[in-house]
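Quick notes on the structure that follows.
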Amino acid sequence: MTCEELEQLDHPAGPATLDAVLERCSSSTRCVVDLKDPRPAWGGRVVDAIERHGVADRVVVQSFDRDALVRLRGRPALTYTTLYRRAESADIDIDAVPSFAAIGPWHVRVDADLVDRAHARGLAVHPWTVDGPAEAERLLALGVSCLITNRPDVVRAVTRPSGGRRLARASAACPAGRRGRRP
């Protein structure tokens, strides 16, 4: 659908544009922009939108398509995370990871060895998609940098139990790691 077609939808839950989402980001809101099916023609437009809204310090750009992230080389300092599909997550060659800030393996495949190898290389670990409290606790105990989740309420309950005390840096979006690292 084109932007014009999206704007004409008569439904309160109609899809929002990236600009509309970025406009709503407060100075403390972090978010992840996931390039699902990145085409060279629009990858740069996504980064343009992030720059236009002045949220580069609070946004992680992630994708399963490492080539798409590499194409963004030379863009302003953004945090990039390369995601790994379930099968790929079983045997990540940390030494072959491009110069991104983080890796995003499937949460089931994250163990102490993977976290240690990633950290030794200066990479944060952003496992996806963590929706259960026991799994969130397991991963935080391993030292992951954040948790990608569909259930921020569940993750918040683990990271900020009674009284709002924050136990670990974990949220749906984790612009952590080495700022300014580019693919």
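The values are calculated or read from the model by the stated rules, or taken from the named source; none is laboratory data. Please read these numbers as outputs of a predicted model, since none were measured by experiment. Quick reminder, even Gly has a Cβ in these numbers, built from the backbone with ideal geometry, and neighbours come from all protein chains shown.
Against the conditions (1) charged (D, E, K, R); (2) more than 16 Å from the chain's Cα centre (by Cα); (3) under 22 Å from residue 102 (Cα atoms), where does residue 24 fall short? Just the number, please.
(3)
Hey, can you tell me all the residues within the stretch 61-79 that are modelled with pLDDT of 90 or more and part of a strand (DSSP E or B)?
Those that are modelled with pLDDT of 90 or more and part of a strand (DSSP E or B): 61, 62, 63.
Scan 44, 54 and give me the residue that is without any contact (Cβ under 8 Å) to a residue 12 or more places away in the chain and either within 18 Å of residue 22 (Cβ to Cβ) or in a helix (DSSP H, G or I) (or both).
54
Please work out which residue is surrounded by the fewest Cβ atoms within 10 Å (Cβ to Cβ), limiting yourself to the stretch 86-101 and to residues that are under 15 Å from residue 129 (Cα atoms) and in contact with a strand residue (DSSP E or B) (Cβ under 7 Å, 6 or more places away or on another chain).
Within the stretch 86-101, the match that is surrounded by the fewest Cβ atoms within 10 Å (Cβ to Cβ) is 86.
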